[in-house]
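This structure is in structure tokens; I'll ask about it shortly.
None of the figures in this text is laboratory data; all of them are computed from the coordinates on show. Here the structure is a predicted model, which is why all the values come from computation and not from measurement. Cβ placement follows ideal geometry from the backbone for every residue including glycine, while neighbour counts extend to all protein chains displayed.
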Amino acid sequence: MKPMTVLSVTQLGNLLGIRSETCVITTLLKRGIYNAAKRAGYLVIPYIIPEYAEISGDDPITLVEDEPGEALSPSFADAHLLLELGMAIAMGNGYCEPSEIRQLSYILERNFIFTELEIRALTALKELSCMYAPDISRVANTLSRRFPPDECREITRMMTTVGAAGPIESGKIIALKKLYAAVEIDERELYQLMIKRRYSESGVIEVKRVFAPKGEEPRLRRGPAISLNFSVVAAKKKETESVGVILSEIFANGE
């Protein structure tokens, strides 16, 4: 398996012939970069379509092979958002605990059915998030824009279990407090939930399903594979900070 290649949005745009003179990435540029990468057979991660993400030219991205005939389901953007949200919470301490990742995997499996492409995309997003933690304020803003207030609060309460699954340290509490403030939940409820959901004999903290999975189709499969080989990849950060690679190498086929 090839090591993950990380580069900035601007670098990818330049390699694709889509240049920007500033760090500001407009809707038109995002769509152009996304479509150009797709024509080359790759999906950009994080998902940068205009309807979803706010990005700047300096933001790190990676690429996932998008084989002919594969597709993203309508619920992928929601699963992507939940994974970013969970990783922003878990990485509040600067690293991920296996128990936090196990809880996050359980939440995704409980709420979604994934295509093969989506499994690869979410795996890449998780690994990238271990190196460059998602900004909790940005993700909370995306959450607030995508869902009505009551649903935002329900999702937030569900995602609090990711924080409760591992060591409760100051960085994680700060991230959760920012999320609670963004969706207008009294932070006193945060502490109550953290204490209430702190321990679980089964290894995961049970949560109610928030997203109803769509009807299963032959090309879809449920989430055990979304356990994603969730090893922490902090050591990769130094290896991937040199991003002066040509597009042919990024897009090259290899074992």
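Suppose the chain between residue 95 and residue 181 were pulled fully straight at 0.36 nm per residue; how much longer would it get relative to their current alpha carbon spacing?
28.6 nm
Which of 30/126; 126/208; 38/172 have a Cα-Cα distance over 26 Å?
38/172, as the Cα separations exceed 26 Å there.
Assuming R0 = 22 Å, what is the FRET efficiency of residue 40 and residue 19, from their Cβ-Cβ distance, to the nearest 0.05?
Rounded to the nearest 0.05, the efficiency is 0.85.
Quick one: net charge around residue 142, please, counting Lys, Arg +1 and Asp, Glu -1 for every other residue with C-beta under 9 Å from its C-beta.
Neighbourhood net charge equals +1.
Can you check what the net charge comes to around residue 93, using other residues whose Cβ is under 12 Å from the Cβ of residue 93 (Lys, Arg +1; Asp, Glu -1)?
With Lys, Arg at +1 and Asp, Glu at -1, the neighbours total -2.
Using R₀ = 45 Å, calculate the FRET efficiency as 1/(1 + (r/R₀)^6) where r is the Cβ-Cβ separation of residue 28 and residue 208; round to 0.05.
So, using R0 = 45 Å, E works out to roughly 0.65.
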